[in-house]
Amino acid sequence: KRRELEELRNLPAVTLDGVEVALKANIGLVSDIPIALTNGAEGVGLYRTEFPYMTRSAFPTRSEQFTLYRKVLEGFAPHTVTIRTLDIGGDKTLPYFPMAQEDNPFMGWRSIRVSLEREDIFRVQLAGILMASPYGEARIMFPMVSSIGEIWQIRKILDEVREELEREGQPIAPGISFGIMVELPAAVQTAHILINEVDFFSIGTNDLIQYTMAADRNNPKVRKYYDPYQPAVLHSIKRVVDVALAAGKPVSVCGEMAADPVMAVLLLGMGIRELSLSAPSIPVVKQAIRSVKAGTAREMADHALSLVSAGAIRTYLAEAQSSLG
Ligand code: PEP
Ligand code: MG
């Protein structure tokens with residue numbers, strides 16, 4: 001079985017009827033690079049940059065970030081690396097950056113909200129990313145966007161950082177793709193508005209499930225509510241995919257859901273052609289994609305979306321999976 005999976009590494013993730021799916025890795029630390037490559041990742045769909053911040057004892061400087069991002073970009077060239085800006089707060093804290101106690105940290109001061117309020121920290125990171133951009137294929141992505149105003153603010157800051165670097169004479173890659181994570185119900189509901197402001201969407205199902213179902217992703221007490229099979233979750237994803245495809249823009253899924261082979265097939269059936277997942281799960285997901293026709297996946301997704309409960313969807317997909325073999 002292990003041998004089989006190893007042989008899969010160099011085979012493409014393509015359905016029986018020839019539809020290609022890009023399987024990319026979620027990474028956090030430089031030590032994830034070889035793991036991603038060993039598992040056949042075609043680039044990085046989610047680089048969680050908070051991890052290098054978390055393992056330090058002070059905010060990384062511009063040049064430290066440049067060096068780090070350059071290493072990651074070079075490690076995956078010619079494939080793209082989607083660098084997500086700092087996503088702290090919620091359950092992730094930095095030892096050197098005290099944050100006030102909050103009653104509801106996941107609904108509090110986290111992620112892009114921190115970056116937009118602490119522009120000093122944000123600008124250093126953006127500069128590090130832009131300076132590294134000539135060394136590979138960088139895409140830049142912003143977490144936890146809830147409305148168009150944040151995108152405007154981000155763009156303004158990013159433009160200013162770019163202009164500053166250009167004045168310094170720093171080379172920057174042209175046309176770096178600019179995307180957002182769709183992981184809040186507010187972003188799902190306004191996807192048709194937000195899509196006009198960005199180059200791509202990446203659906204973060206970990207937070208999307210949490211916020212859609214109002215169930216803390218880390219609280220075992222509400223585990224049964226935190227359910228990717230809920231129609232509320234699946235219809236949200238479908239809506240975002242439809243909006244992006246209608247606009248002719250790339251849309252991927254980068255939450256844990258993408259690592260479940262059945263879910264991966266369901267996402268394929270919804271129109272997703274790019275998944276980003278923890279690298280060790282790439283081979284099993286690839287195997288699932290290689291054993292199905294895109295048309296069949298499409299029918300599965302249509303049927304699943306017509307069902308009214310998570311239980312019915314789970315049962316149906318389990319049956320569909322066993323009939324696929
Ligand atoms: C997500 O929310 O689905 C996601 C991929 O980001 P994170 O798990 O880092 O919040
Ligand atoms: Mg998230």
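Considering only residues that are in contact (Cβ under 8 Å) with a residue 40 or more places away in the chain, crowded, with 22+ Cβ neighbours inside 10 Å and not in a helix (DSSP H, G or I), which ones fall in the stretch 87-128? Listed by number, the list holds a single entry, Asp87. Quick one: would you say Thr82 is surrounded by fewer than 20 Cβ atoms within 10 Å (Cβ to Cβ), at pLDDT 95 or above and among the polar types (S, T, N, Q)? Spelling it out, it is not the case that Thr82 is surrounded by fewer than 20 Cβ atoms within 10 Å (Cβ to Cβ), at pLDDT 95 or above and among the polar types (S, T, N, Q).
Could you please find all residues in the stretch 172-190 being within 16 Å of ligand 2 (Cβ to nearest atom) and touching a residue at least 40 places away in the same chain (Cβ under 8 Å)? Steps first, answer last, please.
Looking only at the stretch 172-190, we keep the residues that are within 16 Å of ligand 2 (Cβ to nearest atom), and these are 179-188.
Answer for the stretch 172-190, where residues must be within 16 Å of ligand 2 (Cβ to nearest atom) and touching a residue at least 40 places away in the same chain (Cβ under 8 Å): Gly179, Met181, Val182, Glu183, Leu184, Pro185, Ala186, Ala187, Val188.
Any residue at all in the stretch 230-243 that's under 23 Å from Leu307 (Cβ atoms), part of a loop (DSSP other than H, G, I, E, B) and either away from ligand 2 (no atom under 16 Å from the Cβ) or modelled with pLDDT of 95 or more (or both)?
First, pick out the residues of the stretch 230-243 that are under 23 Å from Leu307 (Cβ atoms): 230-243.
Remaining after also requiring part of a loop (DSSP other than H, G, I, E, B): 230.
Cutting the leftovers down to either away from ligand 2 (no atom under 16 Å from the Cβ) or modelled with pLDDT of 95 or more (or both) gives us 230.
The answer is yes; a qualifying residue exists.
For the stretch 8-38, give me the residue count where each residue is under 16 Å from Val285 (Cβ atoms), within 18 Å of the chain's Cα centre (by Cα) and either at pLDDT below 95 or in a loop (DSSP other than H, G, I, E, B) (or both). Going through the stretch 8-38 one residue at a time, the tally reaches 1.
When you check Ile129 against the structure, is it within 16 Å of ligand 1 (Cβ to nearest atom) and out of contact with any Asp or Glu (no Cβ under 8 Å at 6 or more places or on another chain), yes or no? Break it down stepwise before answering.
Numbers: within 16 Å of ligand 1 (Cβ to nearest atom): no; out of contact with any Asp or Glu (no Cβ under 8 Å at 6 or more places or on another chain): yes.
So Ile129 does not fit the description; no.
Looking at Asn218, is it within 16 Å of ligand 2 (Cβ to nearest atom) and of a type outside the set (A, V, I, L, M)? The answer is yes for Asn218.
Scan the stretch 235-270 for residues that are within 15 Å of ligand 1 (Cβ to nearest atom) and not hydrophobic (A, V, I, L, M, F, W, C) and the total you get is 5. Here the stretch 171-187 is the region considered, the condition is being assigned to a loop (DSSP other than H, G, I, E, B) and over 18 Å from Val81 (Cα atoms), and the residue that is nearest to ligand 1 (Cβ to nearest atom) is Glu183.
Name the residues in the stretch 79-99 that are more than 22 Å from Ile180 (Cα to Cα) and either in contact with a strand residue (DSSP E or B) (Cβ under 8 Å, 6 or more places away or on another chain) or basic (Lys, Arg) (or both), would you? The answer is Met99, and nothing else. Of the residues that make up the stretch 79-89, is at least one away from ligand 2 (no atom under 16 Å from the Cβ), within 28 Å of Gly149 (Cα to Cα) and either touching a Pro at 6+ places or on another chain (Cβ under 9 Å) or not polar (S, T, N, Q) (or both)? Yes: one or more hits. Given the conditions (1) in a helix (DSSP H, G or I); (2) surrounded by fewer than 22 Cβ atoms within 10 Å (Cβ to Cβ); (3) within 16 Å of ligand 1 (Cβ to nearest atom); (4) not aromatic (Phe, Trp, Tyr), and given that Ser146 satisfies all but one, which numbered condition is not satisfied? That leaves (1) as the condition not met. Here Asp216 does not qualify as part of a helix (DSSP H, G or I) and either within 13 Å of ligand 1 (Cβ to nearest atom) or not aliphatic (A, V, I, L, M) (or both). When Pro78 is tested against (1) in contact with a helix residue (DSSP H, G or I) (Cβ under 8 Å, 6 or more places away or on another chain); (2) in a loop (DSSP other than H, G, I, E, B); (3) more than 16 Å from ligand 1 (Cβ to nearest atom); (4) not hydrophobic (A, V, I, L, M, F, W, C), exactly one condition is not met: (1).
The values are calculated or read from the model by the stated rules, or taken from the named source; none is laboratory data. Keep in mind that this is a model prediction, so the values were computed, not measured. Positions of Cβ are backbone-derived with ideal geometry, glycine not excepted, and every protein chain shown enters the neighbour counts.
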